[in-house]
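Shown next, in structure tokens, is the structure this report addresses.
The values are calculated or read from the model by the stated rules, or taken from the named source; none is laboratory data. Remember, predicted model here, so these are calculated numbers, not experimental data. Cβ: placed from backbone, ideal geometry, glycine included. Neighbour counts: every protein chain shown. These accessible areas exclude ligands, DNA and RNA; they are computed on the full protein's heavy atoms, side chains included. Shrake-Rupley method; radii C 1.70, N 1.55, O 1.52, S 1.80 Å.
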Amino acid sequence: MLYNAKNLSVAKMASKSTATRPELTGVYFKRDRTVATDGVCLLEMTTPTGLDIADWPKVKGITAMRGCSPFIVKASMLAERVKLPKKASLPILECAAISHIADGHFVEFITTDLETTNRNRIAQIDGTFPDYEKIFPTGEPVAEITVNAEAFAGLLTVMSKLKNKVKISFHSKDKPLVLWCEDNQQQARGLMMGMKEW
């Protein structure tokens, strides 16, 4: 069970509200993915392929766990405490591993660059993560378009300064997405051209 920076970054999608259900303020760790939601948006990130937990180095007598039951940890603590090496000598060292779990209490994450080893215990959140698989639509989509994620995020960031509510119109896979928002003084309209499929 190895989790890289992309897996840990889903913490940004977790709810910041302490008034909400506690499990929504956390990151849900499964054997092969991490998930976070604020109740409106959800992001699931699979773990990187091509890395074998058996190759994780034994450092200071600590080994990485090969498997465990799913768990939830506080997203803010994860982002604050688990730091991956900035320049790892091996791809496997660009990941955090789980070294210990005290069920219902804490999870210990381990990171290393072979010179320095960091162990961070993060409290588990007691609760059941939403059964998000049921929410994802099934069957063939009505239509779809592939967009440049960075450009799309840029459009939304600028438009959100006008109003934090943007209408997106989708006409067909051969037409651009149309974005629209307005406040009581101004209007903004944007286009997002599709990209060739990857």
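Could you work out what % of the accessible surface of segment 137-179 is carbon and sulfur, using a 1.4 angstrom probe and leaving DNA, RNA and ligands out of the count? C and S fraction of accessible area: 55 percent.
Surface calculation, 1.4 Å probe, protein heavy atoms: Tyr132 sits at approximately 10 Å² accessible.
A Gaussian network model of the chain, with springs between Cα atoms under 10 Å, assigns the largest mean-square fluctuation among Ser172, Ser99, Ser15 to Ser172.
For Rg and Dmax of the Cα atoms in Å, the listed values are [x] 19.2, 60; [y] 20.0, 71; [z] 20.1, 64; which was obtained by calculation from the structure presented? From the options [x] 19.2, 60; [y] 20.0, 71; [z] 20.1, 64, the structure gives [z]. Accessible area ranking (1.4 Å probe, heavy atoms, ligands and nucleic acids excluded), largest first, for Val40, Val178, Val107: Val40, Val178, Val107.
Would you mind calculating the relative contact order of the chain from Cα pairs under 8 angstrom and at least 6 residues apart, reporting the percent as a whole number?
For the chain, the relative contact order is 16 percent.
A 1.4 Å probe run over the chain, with the rest of the protein chains in place, finds 65 Å² accessible per residue.
Counting protein heavy atoms only, segment 1-48 has 54 percent of its accessible area on carbon and sulfur, 1.4 angstrom probe.
Full extension of the chain segment joining Arg33 with Lys173 gains 47.4 nm, where the gain is 0.36 nm per residue of separation less the Cα-Cα distance. Ligands, DNA and RNA aside, Cys68 has an accessible area near 40 Å² when probed at 1.4 Å. Restricting attention to segment 1-122, the count of lysine pairs at 8 or more positions apart or across chains with alpha carbons under 19 Å apart stands at 13.
Taking Cα atoms only, the orientation of helix 149-160 departs from the longest principal axis of the chain by about 60 degrees.
Result for the chain in a Gaussian network model with C-alpha springs under 10 Å: among Val82, Val59, Val142, the largest mean-square fluctuation is at Val142.
Comparing Ile122, Gly139, Met192 along the charge dipole axis of segment 115-198, the residue lying farthest to the positive side is Met192, per the Cβ-charge model. By the Cα gyration tensor, segment 9-103 has an equivalent ellipsoid whose semi-axes, rounded to whole angstrom, run 26, 14, 13 from largest to smallest.
A crude spin-label estimate for the pair His105 and Gln185, with each label 7 Å from Cα along the Cβ direction, gives 5.7 nm. Listed by chain and number, the aspartates and glutamates whose C-alpha is less than 12 Å from the C-alpha of Lys165, apart from same-chain residues fewer than 8 away, are Glu182, Asp183. Our helix-only sum for the chain, with -39,500 (n - 2.57) per DSSP H run of n ≥ 4 divided by its residues, gives a mean residue ellipticity at 222 nm of -3000 deg cm²/dmol. Positive-end ranking of Leu93, Met65, Trp180 along the dipole of the chain, with charges on Cβ about the Cα centre, is headed by Trp180.
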